[in-house]
Amino acid sequence: MLKFIFMILFMMINVNMKNSYWMIQNILFLVMGMFLMKISFSYFFCNISYYFGLDMLSYGLVALSLWICVLMLMASEGVIRFNNYKKLFLFMIIFLLLMLVLTFSSMSVFMFYLFFESSLIPTLFLILGWGYQPERLQAGVYLLFYTLLASLPLLIGIFYIKNINYSMNFILLNYSSNMYNLSFLYLCLIFAFLVKMPMFLVHLWLPKAHVEAPVSGSMILAGVLLKLGGYGLLRMFYILQYLGMKFNYFWISISLVGGVLVSLICLRQTDLKALIAYSSVAHMGIVLSGLLTLTMWGLNGAYALMIAHGLCSSGLFCLANISYERMGSRSLLINKGMLNFMPSLALWWFLLCAANMAAPPTLNLLGEISLLNSIVSWSWMTMIMLAFLSFFSAAYTLYLFAYSQHGKTYSAVNFFSSGVSREYLLLMLHWLPLNLLIMKSSSCMLWI
(Lines give C-alpha, C1' and ligand atoms only; values in the text may rest on other atoms or scores of the structure.)
Protein backbone atom coordinates (compact mmCIF):
# COMPACT_ATOMS: atom_id res chain seq x y z
CA MET A 1 0.00 0.00 0.00
CA LEU A 2 2.89 2.32 0.84
CA LYS A 3 4.19 2.35 -2.74
CA PHE A 4 0.85 3.65 -4.04
CA ILE A 5 0.77 6.37 -1.39
CA PHE A 6 4.32 7.43 -2.35
CA MET A 7 3.43 7.44 -6.07
CA ILE A 8 0.53 9.80 -5.38
CA LEU A 9 2.75 11.98 -3.14
CA PHE A 10 5.42 12.34 -5.83
CA MET A 11 2.75 13.29 -8.37
CA MET A 12 2.15 16.45 -6.32
CA ILE A 13 5.76 17.48 -7.04
CA ASN A 14 5.26 16.91 -10.79
CA VAL A 15 2.38 19.39 -10.92
CA ASN A 16 4.78 22.26 -11.82
CA MET A 17 6.25 20.48 -14.86
CA LYS A 18 5.34 21.49 -18.40
CA ASN A 19 2.42 19.48 -19.85
CA SER A 20 1.99 17.88 -16.42
CA TYR A 21 -1.80 17.58 -16.90
CA TRP A 22 -1.64 14.77 -19.45
CA MET A 23 1.38 13.15 -17.83
CA ILE A 24 -0.34 12.87 -14.45
CA GLN A 25 -3.49 11.56 -16.10
CA ASN A 26 -1.47 8.78 -17.78
CA ILE A 27 0.46 7.99 -14.59
CA LEU A 28 -2.85 7.65 -12.71
CA PHE A 29 -4.10 5.18 -15.33
CA LEU A 30 -0.86 3.25 -14.80
CA VAL A 31 -1.29 3.29 -11.00
CA MET A 32 -4.87 2.06 -11.44
CA GLY A 33 -3.67 -0.83 -13.65
CA MET A 34 -1.00 -1.79 -11.11
CA PHE A 35 -3.53 -1.61 -8.29
CA LEU A 36 -5.96 -3.92 -10.10
CA MET A 37 -3.22 -6.47 -10.84
CA LYS A 38 -1.76 -6.33 -7.34
CA ILE A 39 -4.36 -8.16 -5.33
CA SER A 40 -5.87 -11.60 -5.77
CA PHE A 41 -9.55 -11.90 -4.92
CA SER A 42 -9.11 -15.40 -3.54
CA TYR A 43 -8.92 -14.40 0.13
CA PHE A 44 -10.61 -11.89 2.40
CA PHE A 45 -7.65 -10.14 4.06
CA CYS A 46 -5.59 -8.90 1.15
CA ASN A 47 -2.90 -6.87 2.87
CA ILE A 48 -3.31 -6.05 6.53
CA SER A 49 -0.80 -4.12 8.61
CA TYR A 50 -1.20 -2.25 11.90
CA TYR A 51 -1.66 1.29 10.56
CA PHE A 52 -2.46 0.98 6.83
CA GLY A 53 -3.82 -2.04 5.05
CA LEU A 54 -6.38 -3.29 2.56
CA ASP A 55 -9.11 -5.81 3.00
CA MET A 56 -11.90 -6.54 0.54
CA LEU A 57 -14.02 -3.69 1.91
CA SER A 58 -11.30 -1.10 1.30
CA TYR A 59 -10.08 -2.54 -1.99
CA GLY A 60 -13.11 -1.70 -4.15
CA LEU A 61 -13.43 1.80 -2.75
CA VAL A 62 -9.73 2.64 -3.22
CA ALA A 63 -9.99 1.38 -6.82
CA LEU A 64 -13.14 3.52 -7.31
CA SER A 65 -11.31 6.61 -5.93
CA LEU A 66 -8.38 6.12 -8.32
CA TRP A 67 -10.71 5.58 -11.28
CA ILE A 68 -12.97 8.57 -10.61
CA CYS A 69 -9.97 10.89 -10.05
CA VAL A 70 -8.50 9.94 -13.46
CA LEU A 71 -11.86 10.56 -15.11
CA MET A 72 -12.17 13.92 -13.31
CA LEU A 73 -8.99 15.07 -15.04
CA MET A 74 -10.33 13.81 -18.36
CA ALA A 75 -13.66 15.62 -17.88
CA SER A 76 -12.14 18.98 -16.83
CA GLU A 77 -10.58 19.92 -20.14
CA GLY A 78 -12.03 23.43 -19.87
CA VAL A 79 -9.61 24.14 -16.98
CA ILE A 80 -6.65 23.65 -19.37
CA ARG A 81 -8.27 25.35 -22.33
CA PHE A 82 -8.92 28.56 -20.39
CA ASN A 83 -5.80 28.09 -18.21
CA ASN A 84 -7.97 28.45 -15.12
CA TYR A 85 -5.30 27.88 -12.42
CA LYS A 86 -4.68 24.41 -13.81
CA LYS A 87 -1.65 23.63 -11.59
CA LEU A 88 -3.58 24.40 -8.44
CA PHE A 89 -6.51 22.36 -9.80
CA LEU A 90 -4.21 19.38 -10.41
CA PHE A 91 -2.73 19.72 -6.94
CA MET A 92 -6.22 19.75 -5.36
CA ILE A 93 -7.30 16.60 -7.18
CA ILE A 94 -4.12 14.69 -6.28
CA PHE A 95 -4.35 15.85 -2.65
CA LEU A 96 -7.99 14.74 -2.53
CA LEU A 97 -7.05 11.35 -4.01
CA LEU A 98 -4.31 10.93 -1.40
CA MET A 99 -6.75 11.72 1.43
CA LEU A 100 -9.30 9.24 0.06
CA VAL A 101 -6.76 6.42 -0.36
CA LEU A 102 -5.50 7.04 3.19
CA THR A 103 -9.08 7.11 4.53
CA PHE A 104 -10.02 3.78 2.98
CA SER A 105 -6.76 2.09 3.96
CA SER A 106 -6.55 3.33 7.59
CA MET A 107 -6.66 0.56 10.14
CA SER A 108 -6.88 2.97 13.09
CA VAL A 109 -10.26 4.57 13.86
CA PHE A 110 -8.65 7.90 14.73
CA MET A 111 -6.58 8.04 11.52
CA PHE A 112 -9.72 7.15 9.59
CA TYR A 113 -11.49 10.11 11.24
CA LEU A 114 -8.55 12.43 10.51
CA PHE A 115 -8.41 11.64 6.78
CA PHE A 116 -12.24 11.44 6.55
CA GLU A 117 -12.40 15.10 7.63
CA SER A 118 -9.32 16.12 5.58
CA SER A 119 -11.03 15.08 2.33
CA LEU A 120 -13.50 17.92 2.97
CA ILE A 121 -10.85 20.64 2.47
CA PRO A 122 -9.89 19.98 -1.22
CA THR A 123 -13.58 19.40 -2.05
CA LEU A 124 -14.43 22.78 -0.57
CA PHE A 125 -11.63 24.43 -2.59
CA LEU A 126 -12.86 22.73 -5.79
CA ILE A 127 -16.36 24.15 -5.24
CA LEU A 128 -15.20 27.63 -4.18
CA GLY A 129 -12.43 27.94 -6.78
CA TRP A 130 -13.89 26.39 -9.92
CA GLY A 131 -17.66 26.58 -9.30
CA TYR A 132 -19.92 28.48 -11.69
CA GLN A 133 -22.28 30.77 -9.74
CA PRO A 134 -21.76 33.19 -6.82
CA GLU A 135 -24.00 30.91 -4.70
CA ARG A 136 -21.03 28.53 -4.43
CA LEU A 137 -20.03 30.34 -1.21
CA GLN A 138 -23.33 29.37 0.37
CA ALA A 139 -22.92 25.80 -0.92
CA GLY A 140 -19.44 25.64 0.65
CA VAL A 141 -20.79 26.84 4.01
CA TYR A 142 -23.58 24.21 3.87
CA LEU A 143 -21.05 21.48 3.11
CA LEU A 144 -18.72 22.59 5.91
CA PHE A 145 -21.29 23.08 8.64
CA TYR A 146 -23.38 19.96 8.01
CA THR A 147 -20.31 17.73 7.95
CA LEU A 148 -18.32 19.31 10.81
CA LEU A 149 -21.29 19.68 13.15
CA ALA A 150 -22.06 15.97 12.89
CA SER A 151 -18.45 14.79 13.06
CA LEU A 152 -17.44 16.41 16.36
CA PRO A 153 -19.53 13.90 18.40
CA LEU A 154 -17.82 11.15 16.36
CA LEU A 155 -14.42 12.29 17.66
CA ILE A 156 -15.66 12.13 21.26
CA GLY A 157 -17.11 8.65 20.58
CA ILE A 158 -13.77 7.46 19.16
CA PHE A 159 -11.91 8.56 22.29
CA TYR A 160 -14.52 6.84 24.45
CA ILE A 161 -13.96 3.59 22.52
CA LYS A 162 -10.22 3.98 23.10
CA ASN A 163 -10.95 4.30 26.81
CA ILE A 164 -12.96 1.04 26.84
CA ASN A 165 -10.86 -1.04 24.42
CA TYR A 166 -7.33 0.33 24.94
CA SER A 167 -6.95 0.13 21.16
CA MET A 168 -8.19 2.04 18.15
CA ASN A 169 -7.38 -0.60 15.54
CA PHE A 170 -10.46 -1.67 13.53
CA ILE A 171 -9.54 -5.35 13.74
CA LEU A 172 -8.82 -5.29 17.50
CA LEU A 173 -12.06 -3.47 18.37
CA ASN A 174 -14.41 -5.79 20.18
CA TYR A 175 -17.91 -5.40 21.47
CA SER A 176 -17.95 -4.53 25.14
CA SER A 177 -20.89 -5.60 27.32
CA ASN A 178 -21.14 -2.21 29.06
CA MET A 179 -21.85 -0.56 25.68
CA TYR A 180 -25.32 -2.12 25.47
CA ASN A 181 -27.05 0.78 27.22
CA LEU A 182 -24.96 3.57 25.71
CA SER A 183 -27.53 4.91 23.26
CA PHE A 184 -25.80 8.29 23.09
CA LEU A 185 -22.53 6.65 22.02
CA TYR A 186 -24.41 4.85 19.21
CA LEU A 187 -25.76 8.20 17.98
CA CYS A 188 -22.32 9.87 18.23
CA LEU A 189 -20.62 7.11 16.24
CA ILE A 190 -23.05 6.89 13.34
CA PHE A 191 -24.55 10.37 12.91
CA ALA A 192 -21.53 11.78 11.03
CA PHE A 193 -21.83 8.93 8.53
CA LEU A 194 -25.59 9.39 8.16
CA VAL A 195 -24.98 13.05 7.21
CA LYS A 196 -22.23 12.04 4.78
CA MET A 197 -24.39 9.38 3.06
CA PRO A 198 -26.62 11.63 3.13
CA MET A 199 -29.73 10.42 4.91
CA PHE A 200 -33.03 12.20 4.21
CA LEU A 201 -33.54 15.21 6.56
CA VAL A 202 -29.78 15.93 6.64
CA HIS A 203 -29.34 15.85 2.87
CA LEU A 204 -29.77 19.53 1.95
CA TRP A 205 -26.03 20.18 1.61
CA LEU A 206 -25.73 17.67 -1.26
CA PRO A 207 -27.96 19.27 -3.96
CA LYS A 208 -26.49 22.68 -3.05
CA ALA A 209 -22.92 21.42 -3.39
CA HIS A 210 -23.64 19.53 -6.63
CA VAL A 211 -25.38 22.42 -8.37
CA GLU A 212 -22.58 24.87 -7.58
CA ALA A 213 -19.61 22.50 -8.05
CA PRO A 214 -17.65 22.16 -11.33
CA VAL A 215 -17.95 18.83 -13.14
CA SER A 216 -14.93 17.40 -11.30
CA GLY A 217 -16.42 18.39 -7.93
CA SER A 218 -19.75 16.74 -8.78
CA MET A 219 -18.00 13.58 -9.99
CA ILE A 220 -15.94 13.12 -6.82
CA LEU A 221 -18.91 14.04 -4.58
CA ALA A 222 -21.24 11.53 -6.21
CA GLY A 223 -18.56 8.97 -6.99
CA VAL A 224 -16.57 8.66 -3.79
CA LEU A 225 -17.38 11.14 -1.00
CA LEU A 226 -20.90 9.78 -0.43
CA LYS A 227 -19.33 6.33 -0.09
CA LEU A 228 -17.28 7.49 2.91
CA GLY A 229 -20.50 7.41 4.95
CA GLY A 230 -21.33 3.86 3.88
CA TYR A 231 -17.77 2.70 4.49
CA GLY A 232 -17.76 4.25 7.99
CA LEU A 233 -21.04 2.54 8.87
CA LEU A 234 -19.80 -0.84 7.60
CA ARG A 235 -16.75 -0.46 9.86
CA MET A 236 -18.56 0.92 12.92
CA PHE A 237 -21.35 -1.67 13.04
CA TYR A 238 -18.74 -4.26 13.88
CA ILE A 239 -18.91 -2.95 17.47
CA LEU A 240 -22.47 -1.54 17.38
CA GLN A 241 -24.38 -4.69 16.43
CA TYR A 242 -26.54 -4.96 19.57
CA LEU A 243 -27.32 -1.25 19.71
CA GLY A 244 -28.03 -1.43 15.98
CA MET A 245 -30.63 -4.15 16.51
CA LYS A 246 -32.34 -1.90 19.06
CA PHE A 247 -32.37 1.39 17.16
CA ASN A 248 -31.81 0.82 13.44
CA TYR A 249 -35.53 0.61 12.64
CA PHE A 250 -35.73 4.40 13.14
CA TRP A 251 -33.14 5.21 10.44
CA ILE A 252 -34.51 2.56 8.07
CA SER A 253 -38.00 4.10 8.29
CA ILE A 254 -36.67 7.63 7.65
CA SER A 255 -34.54 6.43 4.70
CA LEU A 256 -37.36 4.56 2.94
CA VAL A 257 -39.98 7.29 3.37
CA GLY A 258 -37.35 9.90 2.50
CA GLY A 259 -36.36 7.96 -0.64
CA VAL A 260 -39.95 8.14 -1.92
CA LEU A 261 -40.27 11.86 -1.10
CA VAL A 262 -36.95 12.67 -2.77
CA SER A 263 -38.04 10.69 -5.85
CA LEU A 264 -41.14 12.92 -6.04
CA ILE A 265 -38.89 15.99 -5.71
CA CYS A 266 -36.84 14.64 -8.66
CA LEU A 267 -39.98 14.60 -10.82
CA ARG A 268 -40.38 18.38 -10.55
CA GLN A 269 -36.76 19.42 -11.13
CA THR A 270 -35.87 21.46 -14.20
CA ASP A 271 -32.13 21.64 -13.48
CA LEU A 272 -30.23 18.65 -14.90
CA LYS A 273 -27.64 18.59 -12.10
CA ALA A 274 -30.19 19.03 -9.31
CA LEU A 275 -32.21 16.11 -10.69
CA ILE A 276 -29.17 13.81 -10.74
CA ALA A 277 -28.12 15.03 -7.25
CA TYR A 278 -31.54 14.28 -5.75
CA SER A 279 -31.54 10.86 -7.44
CA SER A 280 -28.27 10.19 -5.53
CA VAL A 281 -30.09 10.91 -2.26
CA ALA A 282 -32.85 8.43 -3.23
CA HIS A 283 -30.28 5.75 -4.09
CA MET A 284 -28.32 6.31 -0.88
CA GLY A 285 -31.62 5.96 1.04
CA ILE A 286 -32.02 2.39 -0.16
CA VAL A 287 -28.31 1.66 0.44
CA LEU A 288 -28.62 2.93 4.02
CA SER A 289 -31.79 0.89 4.67
CA GLY A 290 -30.18 -2.32 3.43
CA LEU A 291 -26.96 -1.70 5.32
CA LEU A 292 -28.80 -1.07 8.62
CA THR A 293 -30.68 -4.39 8.44
CA LEU A 294 -27.24 -5.89 9.31
CA THR A 295 -27.92 -9.00 7.20
CA MET A 296 -25.38 -10.50 4.82
CA TRP A 297 -27.59 -9.68 1.83
CA GLY A 298 -27.91 -6.08 3.01
CA LEU A 299 -24.21 -5.47 3.62
CA ASN A 300 -23.21 -7.09 0.31
CA GLY A 301 -25.92 -5.23 -1.62
CA ALA A 302 -25.01 -1.89 -0.01
CA TYR A 303 -21.37 -2.36 -0.98
CA ALA A 304 -22.21 -3.37 -4.58
CA LEU A 305 -24.67 -0.50 -5.06
CA MET A 306 -22.19 2.02 -3.60
CA ILE A 307 -19.63 1.08 -6.26
CA ALA A 308 -22.26 0.94 -9.03
CA HIS A 309 -23.77 4.30 -8.04
CA GLY A 310 -20.30 5.88 -7.99
CA LEU A 311 -19.74 5.02 -11.64
CA CYS A 312 -23.29 5.63 -12.87
CA SER A 313 -23.92 8.96 -11.12
CA SER A 314 -20.48 10.28 -12.10
CA GLY A 315 -21.23 9.41 -15.75
CA LEU A 316 -24.57 11.25 -15.61
CA PHE A 317 -22.85 14.37 -14.24
CA CYS A 318 -20.38 14.17 -17.14
CA LEU A 319 -23.30 14.05 -19.59
CA ALA A 320 -24.97 17.03 -17.91
CA ASN A 321 -21.69 18.94 -18.15
CA ILE A 322 -21.27 18.12 -21.87
CA SER A 323 -24.73 19.63 -22.51
CA TYR A 324 -23.94 22.60 -20.26
CA GLU A 325 -20.71 23.37 -22.15
CA ARG A 326 -22.64 23.44 -25.45
CA MET A 327 -25.82 25.24 -24.37
CA GLY A 328 -24.58 27.43 -21.51
CA SER A 329 -27.51 26.28 -19.36
CA ARG A 330 -28.47 23.27 -17.29
CA SER A 331 -32.21 23.86 -17.61
CA LEU A 332 -34.26 21.01 -19.07
CA LEU A 333 -36.37 23.60 -20.87
CA ILE A 334 -33.33 24.66 -22.92
CA ASN A 335 -31.57 21.28 -23.09
CA LYS A 336 -34.41 19.53 -24.91
CA GLY A 337 -34.42 17.87 -28.31
CA MET A 338 -30.75 16.88 -27.97
CA LEU A 339 -31.41 13.87 -30.16
CA ASN A 340 -31.47 16.23 -33.14
CA PHE A 341 -28.09 17.77 -32.32
CA MET A 342 -26.05 14.93 -30.86
CA PRO A 343 -27.64 11.60 -31.81
CA SER A 344 -24.52 9.64 -30.83
CA LEU A 345 -24.59 11.20 -27.36
CA ALA A 346 -28.24 10.14 -26.95
CA LEU A 347 -27.00 6.52 -26.88
CA TRP A 348 -24.87 7.33 -23.82
CA TRP A 349 -27.77 9.13 -22.18
CA PHE A 350 -29.86 6.01 -22.73
CA LEU A 351 -27.22 3.59 -21.43
CA LEU A 352 -26.45 5.57 -18.27
CA CYS A 353 -30.12 6.33 -17.55
CA ALA A 354 -30.85 2.60 -17.92
CA ALA A 355 -28.07 1.90 -15.40
CA ASN A 356 -29.54 4.54 -13.07
CA MET A 357 -32.87 2.72 -12.98
CA ALA A 358 -31.04 -0.61 -12.38
CA ALA A 359 -31.64 -2.30 -15.72
CA PRO A 360 -29.71 -5.50 -16.48
CA PRO A 361 -26.82 -6.26 -16.96
CA THR A 362 -25.54 -3.42 -14.75
CA LEU A 363 -24.04 -3.77 -11.29
CA ASN A 364 -26.89 -1.56 -9.99
CA LEU A 365 -29.30 -4.45 -10.61
CA LEU A 366 -27.22 -6.85 -8.51
CA GLY A 367 -27.01 -4.32 -5.66
CA GLU A 368 -30.73 -3.47 -5.74
CA ILE A 369 -31.85 -7.12 -5.82
CA SER A 370 -29.67 -7.87 -2.77
CA LEU A 371 -30.97 -4.78 -0.96
CA LEU A 372 -34.63 -5.53 -1.73
CA ASN A 373 -34.09 -9.06 -0.46
CA SER A 374 -32.56 -7.85 2.81
CA ILE A 375 -35.09 -5.06 3.48
CA VAL A 376 -38.15 -7.21 2.75
CA SER A 377 -36.79 -10.05 4.90
CA TRP A 378 -36.31 -7.51 7.72
CA SER A 379 -39.99 -6.47 7.59
CA TRP A 380 -42.85 -7.15 5.17
CA MET A 381 -44.23 -3.65 5.77
CA THR A 382 -41.30 -2.13 3.88
CA MET A 383 -42.68 -3.56 0.62
CA ILE A 384 -45.08 -0.62 0.31
CA MET A 385 -42.32 2.00 0.34
CA LEU A 386 -39.98 -0.16 -1.76
CA ALA A 387 -42.64 -0.51 -4.46
CA PHE A 388 -43.07 3.29 -4.59
CA LEU A 389 -39.33 3.81 -4.53
CA SER A 390 -38.71 1.43 -7.46
CA PHE A 391 -41.57 2.90 -9.49
CA PHE A 392 -40.62 6.55 -8.99
CA SER A 393 -36.95 5.75 -9.56
CA ALA A 394 -37.84 4.51 -13.05
CA ALA A 395 -40.24 7.47 -13.50
CA TYR A 396 -37.72 10.25 -12.83
CA THR A 397 -35.04 8.53 -14.92
CA LEU A 398 -37.44 8.28 -17.87
CA TYR A 399 -38.42 11.91 -17.29
CA LEU A 400 -34.73 12.91 -17.40
CA PHE A 401 -34.08 10.98 -20.61
CA ALA A 402 -37.30 11.89 -22.44
CA TYR A 403 -37.21 15.61 -21.65
CA SER A 404 -33.54 16.05 -22.50
CA GLN A 405 -33.48 13.99 -25.71
CA HIS A 406 -36.94 14.32 -27.26
CA GLY A 407 -39.14 17.24 -28.19
CA LYS A 408 -38.70 20.44 -30.14
CA THR A 409 -35.26 22.06 -30.01
CA TYR A 410 -34.86 25.37 -28.22
CA SER A 411 -35.26 28.03 -30.94
CA ALA A 412 -32.36 30.27 -29.77
CA VAL A 413 -29.75 27.60 -30.56
CA ASN A 414 -28.13 28.56 -33.87
CA PHE A 415 -24.70 26.97 -33.46
CA PHE A 416 -23.80 23.59 -32.05
CA SER A 417 -20.84 21.22 -32.12
CA SER A 418 -21.05 17.48 -31.68
CA GLY A 419 -19.07 15.56 -29.05
CA VAL A 420 -15.32 15.04 -29.28
CA SER A 421 -13.60 11.68 -28.89
CA ARG A 422 -12.35 12.57 -25.36
CA GLU A 423 -15.95 12.88 -24.18
CA TYR A 424 -17.03 9.58 -25.69
CA LEU A 425 -14.00 7.84 -24.17
CA LEU A 426 -14.85 9.40 -20.80
CA LEU A 427 -18.42 8.09 -20.95
CA MET A 428 -17.28 4.66 -22.10
CA LEU A 429 -14.85 4.42 -19.17
CA HIS A 430 -17.80 5.02 -16.82
CA TRP A 431 -20.13 2.58 -18.52
CA LEU A 432 -17.81 -0.38 -19.23
CA PRO A 433 -16.78 -1.17 -15.62
CA LEU A 434 -20.41 -0.75 -14.56
CA ASN A 435 -21.50 -3.50 -16.94
CA LEU A 436 -18.41 -5.72 -16.92
CA LEU A 437 -18.17 -5.98 -13.12
CA ILE A 438 -21.34 -8.12 -13.18
CA MET A 439 -19.17 -10.84 -14.80
CA LYS A 440 -17.01 -10.89 -11.66
CA SER A 441 -19.65 -9.90 -9.13
CA SER A 442 -17.83 -11.69 -6.30
CA SER A 443 -15.33 -8.78 -6.40
CA CYS A 444 -18.20 -6.41 -5.45
CA MET A 445 -19.52 -8.59 -2.68
CA LEU A 446 -17.86 -8.63 0.73
CA TRP A 447 -18.28 -12.18 1.94
CA ILE A 448 -18.69 -14.48 -1.05
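Can you list the helices (runs of 4 or more DSSP H) found entirely within the range 3-94 that contain at least 2 residues being open to solvent by less than 80 Å² (accessible area, probe 1.4 Å) and either closer than 23 Å to G232 by Cβ or in contact with a His (Cβ under 8 Å, 6 or more places away or on another chain) (or both)? Outline the logic, then answer.
Values: elements: 20-38, 56-75, 77-81.
Per the criteria, 56-75.
Answer yes or no as to whether L288 is of a type outside the set (S, T, Y), surrounded by 24 or more Cβ atoms within 10 Å (Cβ to Cβ) and touching a Lys or Arg at 6+ places or on another chain (Cβ under 7 Å). Quick ask: steps written out before the conclusion?
Working: of a type outside the set (S, T, Y): yes; surrounded by 24 or more Cβ atoms within 10 Å (Cβ to Cβ): yes; touching a Lys or Arg at 6+ places or on another chain (Cβ under 7 Å): no.
Answer is no for this residue.
Tally the residues that are closer than 19 Å to V195 by Cβ, of a type outside the set (A, V, I, L, M) and open to solvent by less than 20 Å² (accessible area, probe 1.4 Å), restricting the search to the range 256-278.
The initial filter retains those residues of the range 256-278 that are closer than 19 Å to V195 by Cβ, namely 256-259, 261-262, 265, 277-278.
Remaining after also requiring of a type outside the set (A, V, I, L, M): 258-259, 278.
Still in the running and open to solvent by less than 20 Å² (accessible area, probe 1.4 Å): 258-259.
Total meeting the criteria: 2.
Show the residue pairs that are 6+ apart or on different chains and have beta-carbon atoms under 6 Å apart, the first residue being within the range 400-429 and polar (S, T, N, Q), the second being open to solvent by less than 80 Å² (accessible area, probe 1.4 Å) and not in a helix (DSSP H, G or I).
S404/N335; T409/G337; S418/M342
From the list N165, N174, N169, exactly one residue is free of Cβ contacts under 8 Å to residues at least 40 places away in the same chain and surrounded by fewer than 18 Cβ atoms within 10 Å (Cβ to Cβ). Which is it? Explain how you work it out, then say what you get.
Details: N174 fails: free of Cβ contacts under 8 Å to residues at least 40 places away in the same chain; N169 fails: free of Cβ contacts under 8 Å to residues at least 40 places away in the same chain.
Among N165, N174, N169, only N165 is free of Cβ contacts under 8 Å to residues at least 40 places away in the same chain and surrounded by fewer than 18 Cβ atoms within 10 Å (Cβ to Cβ).
Restricting to the range 419-430, what's the tally of residues that are open to solvent by 60 Å² or more (accessible area, probe 1.4 Å) and of a type outside the set (V, I, T)? Steps first, answer last, please.
Just the residues of the range 419-430 that are open to solvent by 60 Å² or more (accessible area, probe 1.4 Å), to begin with: 420-421, 425, 428.
Checking the rest, the ones that are also of a type outside the set (V, I, T) come to 421, 425, 428.
Counting residues in the range 419-430 that are open to solvent by 60 Å² or more (accessible area, probe 1.4 Å) and of a type outside the set (V, I, T) gives 3.
From F401, F392, grab the single residue that is in contact with a Ser or Thr (Cβ under 7 Å, 6 or more places away or on another chain) and either at pLDDT below 90 or part of a helix (DSSP H, G or I) (or both).
Working: F401 fails: in contact with a Ser or Thr (Cβ under 7 Å, 6 or more places away or on another chain).
Being in contact with a Ser or Thr (Cβ under 7 Å, 6 or more places away or on another chain) and either at pLDDT below 90 or part of a helix (DSSP H, G or I) (or both) holds for just one of F401, F392, which is F392.
Being in a loop (DSSP other than H, G, I, E, B) and aliphatic (A, V, I, L, M) is true for just one of L316, L333, L288, L351. Which residue is that? Quick ask: steps written out before the conclusion?
Working: L316 fails: in a loop (DSSP other than H, G, I, E, B); L288 fails: in a loop (DSSP other than H, G, I, E, B); L351 fails: in a loop (DSSP other than H, G, I, E, B).
Going through L316, L333, L288, L351 in turn, the sole match is L333.
Does V211 satisfy being open to solvent by 10 Å² or more (accessible area, probe 1.4 Å), touching a strand residue (DSSP E or B) at 6+ places or on another chain (Cβ under 7 Å) and farther than 24 Å from L155 by Cα? Reasoning before the result, please.
Numbers: open to solvent by 10 Å² or more (accessible area, probe 1.4 Å): yes; touching a strand residue (DSSP E or B) at 6+ places or on another chain (Cβ under 7 Å): yes; farther than 24 Å from L155 by Cα: yes.
Considered against the rule, which asks whether it is open to solvent by 10 Å² or more (accessible area, probe 1.4 Å), touching a strand residue (DSSP E or B) at 6+ places or on another chain (Cβ under 7 Å) and farther than 24 Å from L155 by Cα, V211 comes out as yes.
Count, please, the residues in the range 120-138 that happen to be touching a residue at least 40 places away in the same chain (Cβ under 8 Å) and under 18 Å from the mean Cα position of the chain (by Cα).
We begin by selecting, within the range 120-138, every residue touching a residue at least 40 places away in the same chain (Cβ under 8 Å); these are 123, 126-127, 129-133, 135-136, 138.
Among the residues that remain, those that are also under 18 Å from the mean Cα position of the chain (by Cα) are: 123, 126-127.
The number of residues fulfilling the criteria is 3.
V101 passes all but one of (1) within 15 Å of F10 (Cα to Cα); (2) surrounded by fewer than 23 Cβ atoms within 10 Å (Cβ to Cβ); which number fails?
Failed condition: (2).
Considering L345, L332, L339, which residue is surrounded by fewer than 24 Cβ atoms within 10 Å (Cβ to Cβ), over 30 Å from F191 (Cα atoms) and in contact with a strand residue (DSSP E or B) (Cβ under 8 Å, 6 or more places away or on another chain)?
None of the other options fit; the residue is L332.
The values are calculated or read from the model by the stated rules, or taken from the named source; none is laboratory data. Just so it is clear, the model here is predicted, and its values are computed rather than measured. All Cβ positions, even for glycine, are placed from backbone atoms using ideal geometry, and neighbour counts span all protein chains on display. Remember, those area values only see protein heavy atoms, side chains included, never the ligands or the DNA or RNA. Shrake-Rupley method; radii C 1.70, N 1.55, O 1.52, S 1.80 Å.
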